[in-house]
Amino acid sequence: MEITKITVQKKRKDRFNIFVDGAYAFPVSEAVLIKLGLNKGMQLTPERMEEIESENSAYLAYTTAVDYLSYGLRSEKEVRTKLREQEIPEIYIEPALQRLRDQKYIDDLIYGESYTRTMMTINRKGPRVIAQELKQKGLDEPTIMTALDQYPENVQLENALALAEKTLRKQSRVSSREGGQKTRLYLQQKGFDKEIIQQVFEEVETEKSAEDELDALRVQGDKAWVRYARKAEGRALVQKVRASLYQKGFANELINTYIEEKELNDE
């Protein structure tokens, strides 16, 4: 077999088409072309063909990874998954990853630290959620623990306080108790530890004024009244509404006030 022609690809000036015995055979990168000294008139043995294929695949694995990394930091697992998605043979993936490690293009600790800083600053996620996400991205436990050092406790408290205050402002239509419960659950879901959450609730005001609490009760009471009035009336209706409001965290005194108002309005 003889290389009879080498042409530059129209869309990729760094890639070449190789023609063997007058017919198109395969493409190669410029780097592989130069490294193997491919030229017109060269005789290709089966061993030489195997070498070309190997060099092409190794180069493709590396350049695919570099291109993927050009859009942002990635964990080693993410890069490996990307190469597998491109159907690059496993035999070429590990050498490409090792080359990237040596060049510091992939470093799970650097990635984990950067990811932690981003999530705590932009998304205000708690450390537990960040740790779970880093684990999903392939980081091991020691690396995750070191990366989380970027998230000091004072910043955790600051973020949790901001989230709690924002959440509580949205609870104007529920009881103080229910608003506090929802806020606590939200902070847990965001990944904050119970110690931080406890500190938050020692600093934020969760109790509404009596007037605001009564306003919230009226909203919930009217909803319950309409709902239960479809199947009950009189004392049975009042009892169902009373039970519903009590379960939602309203005090008996305020519930009595609401019931009295409702009964007066219905007379």
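A compact table of results
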read-out: Residues that are within 23 Å of residue 58 (Cβ to Cβ), open to solvent by 50 Å² or more (accessible area, probe 1.4 Å) and in contact (Cβ under 8 Å) with a residue 24 or more places away in the chain, drawn from region 5-24; value: 6
read-out: Residue in region 68-88 that is hydrophobic (A, V, I, L, M, F, W, C), touching a residue at least 12 places away in the same chain (Cβ under 8 Å) and touching a Pro at 6+ places or on another chain (Cβ under 8 Å) present; value: no
read-out: Qualifying residue in region 112-132 (condition: without any contact (Cβ under 8 Å) to a residue 40 or more places away in the chain, farther than 30 Å from residue 180 by Cα, part of a helix (DSSP H, G or I) and among the aliphatic types (A, V, I, L, M)); value: no
read-out: Some residue of region 159-166 being assigned to a helix (DSSP H, G or I), closer than 23 Å to residue 248 by Cα, touching a Lys or Arg at 6+ places or on another chain (Cβ under 8 Å) and of a type in the set (Asp, Glu); value: no
read-out: Within region 96-128, considering residues that are open to solvent by less than 60 Å² (accessible area, probe 1.4 Å), more than 19 Å from residue 158 (Cα to Cα) and aliphatic (A, V, I, L, M), the one farthest from the chain's Cα centre (by Cα); value: 96
read-out: Yes/no for residue 39 being farther than 19 Å from residue 62 by Cβ, loosely packed, with under 10 Cβ neighbours inside 10 Å and of a type in the set (S, T, N, Q); value: yes
read-out: Region 200-250: number of residues that are open to solvent by less than 50 Å² (accessible area, probe 1.4 Å), in contact (Cβ under 8 Å) with a residue 12 or more places away in the chain, on the phi < 0 side of the Ramachandran plot and not charged (D, E, K, R); value: 18
read-out: Qualifying positions in region 166-181 - of a type in the set (D, E, K, R) and open to solvent by 90 Å² or more (accessible area, probe 1.4 Å); value: 166, 169, 170, 173, 177
read-out: Per-region count, region 196-211, residues assigned to a helix (DSSP H, G or I) and either at pLDDT 95 or above or not charged (D, E, K, R) (or both); value: 7
read-out: Verdict on residue 93 being farther than 29 Å from residue 194 by Cβ, part of a loop (DSSP other than H, G, I, E, B) and open to solvent by less than 40 Å² (accessible area, probe 1.4 Å); value: no
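The values are calculated or read from the model by the stated rules, or taken from the named source; none is laboratory data. Note that this is a predicted model, so its numbers are computed, not measured. Note: ideal-geometry Cβ built from the backbone for every residue, glycine included; neighbour counts use all protein chains shown. Please note that ligands, DNA and RNA were not included when accessible areas were found on the heavy atoms of the full protein model with its side chains. Shrake-Rupley method; radii C 1.70, N 1.55, O 1.52, S 1.80 Å.
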